[in-house]
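Worksheet: the structure to be examined is printed underneath.
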Amino acid sequence: LKPLGRKECAGKRRLLHQRSQRGQAAAMRAARVFTRRFAGWGAPQQTKLFPAIKRHSELVVERGVGSEVFTVDGKRYLDATSGIGVLSTGHCHPTVVKAVQEQAARATHVQQSCYYSSAVLKLIDRLQPIMPEGLESYFFSNSGAEAVEGALRLARHAKRRDTMVAFLGGYHGRSAGTLAITSSSVGYRGERAGPLPAGTAWARYPYEHAGVSAEQSLESLDLILLQQAKASEIAAVIIEPVLGEGGYVVPPTGFMRSLREWCTTHDILLIADEVQCGFGRTGKQWAVENFGTVPDILVSAKGIASGYPLSMVATRPELSAVQQVGCMGGTYGGNAVAVAAAIATLDVFEQERVLDNVCAQGARLMSGLKQMGGAASATISDVRGLGLMVGCEFDRSVVGKGFAHAVTGEAFDRGVLVLPTGHRETLRIIPPLTVTAAEIDELLRVVEESIAAAHAKHGAD
């Protein structure tokens, strides 16, 4: 073969470089398309974070105070997401900030498998008087999913059974064990979640506005015993006392008591997943209090520590007593700084009568949504909720698919952050529990304007 000359070599290199550049450009275009599929409202950000993180907006937030967040370029937004129900006392409440600063100077990591944390023991003392009757044994971890995993393990150990009953539309986390009992969206699994733990039986959540009554839900539980698993195989039923990701659905009056009776009759444990609906969000300390029901196991996270990573499993001592030593734990569980934030959160609840505010502002919010006129009146089919956990569902015979998402975009353009939820065109409105009447009024004004704008642009497309 004749060797290439200098000019031919240079030409070959240029050709290869051009091909490489074209390939890189194509890859970058594909990456941008992939990213946009998950991008939120606002100008797309250049980031090295996993593109599979679903994000409501592209805002870069620098600071927050109360119900407001401020971006790096100084723009202010009213935050009716509260970190998806996490910031119970709002952004950077001074009482919580002070407690965190003091604890960080005292001890940051008091590992639960090495010694006891004085902060954890103090938190238990504060929690005990406000817990549902009989729940006197505690396990602390970092996230809601981790706590739900702990609750499932506890139930299986206590009953020596494997099957769990979960409700359609429920969300319990993205870990393998919690995905196996989650059905609010297949998106949480991704393209391939791998083999998930077996042993889940499915019941229907009582979603009256979607045509599922309490009687039909209870009947689906009875059918489980005939079609999916025998009672002697079922360890527990897990339920969100107010459905979260599935649409912000409040069960009908009497349902939770009937569920409690059904579990007791069949010797099955009842787990209340209050990760999103608990710790004051509904106007009661615990959502189950709204229904006069006491679960065997209660799970809490999100708002328990006003933005710091902490979760909890509480149960009856006789249930946790059967577990083998070493089967529960975790490196950062019950972190001292997060626990200090939880104690301070309880201080704020008492000092500022937060639960009273939740009831007052929740009533103001729901009343305002129901009294909207114009396009809002024509498109809203249901307003539901407890406290400051409020869902606003649109009439799908009037609006098209994606309408709730479009409303959140219009609200974003007007300086308010609010999220959609479920698959039936629903807004979920979850401001901090310390939100003011003036902020609720601002929120209502913007939501009404946003519904009208979305209706004018999209209608029933």
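The values are calculated or read from the model by the stated rules, or taken from the named source; none is laboratory data. Note that this is a predicted model, so its numbers are computed, not measured. When we count neighbours, we look across all protein chains shown, and the Cβ atoms used for this are built from the backbone with ideal geometry, even at glycine. Note: areas computed on protein heavy atoms with side chains; ligands, DNA, RNA excluded. Shrake-Rupley method; radii C 1.70, N 1.55, O 1.52, S 1.80 Å.
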Mean Cβ count within 10 Å, highest first, over the residues of peptides 132-142, 240-250, 431-441, 107-117: 240-250, 431-441, 132-142, 107-117
Links that overshoot a 28 Å alpha carbon limit, given the list Lys98/Lys370; Lys230/Lys401; Lys54/Lys401; Lys98/Lys302: Lys98/Lys370; Lys230/Lys401
Point-charge dipole on Cβ atoms (K/R +1, D/E -1) for the stretch 361-461, about Cα centre, debye to 20: 220
Angle in degrees between helix 403-413 and the longest Cα principal axis of the chain, rounded to the nearest 10: 70
Accessible area expressed per residue, the stretch 206-246, with surrounding protein chains retained (probe 1.4 Å, Å²): 40
Length added when fully stretched, Lys48-Ala105, from 0.36 nm per residue minus Cα-Cα: 17.3 nm
Accessible-area composition of the stretch 100-250, carbon plus sulfur, in percent [1.4 Å probe]: 50
Label-point gap, in nm, between Val72 and Ser213 - each point 7 angstrom along Cα→Cβ: 5.6
With all protein chains modelled, accessible area of His157 [1.4 Å, Å²]: 60
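Give, in nm to one decimal, the length gained when the segment between His423 and Ile84 is fully stretched (0.36 nm per residue of separation minus the Cα-Cα distance). Working shown, then result.
On the way: separation 339, 0.36 × 339 = 122.04 nm, distance 1.74 nm.
Separation in residues times 0.36 nm, less the Cα-Cα distance, equals 120.3 nm.
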Between 0 and 90°, nearest 10: helix 336-351 axis offset from the chain longest Cα axis: 60
Nearest-ten-degree value, helix 214-227 long axis tilted from longest Cα axis of the chain: 90
Computed lengthening from Ser113 to Ser397, 0.36 nm per intervening residue step minus Cα-Cα distance: 96.6 nm
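Relative to the Cα centre, what is the charge dipole magnitude of the chain, using +1 at the beta carbon of each Lys and Arg, -1 at the beta carbon of each Asp and Glu, and rounding to the nearest 20 debye?
Dipole size: approximately 3040 debye.
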Theoretical FRET efficiency, 1/(1+(r/R0)^6), r = Cβ-Cβ of Lys98 and Thr253, R0 30 Å, to 0.05: 0.10
Distance between modelled label sites at Ser232 and Gln323, nm, 7 Å Cα→Cβ extension: 2.8
Ranked order, Arg428, Arg55, Arg316 - accessible area, probe 1.4 Å, largest first: Arg55, Arg316, Arg428
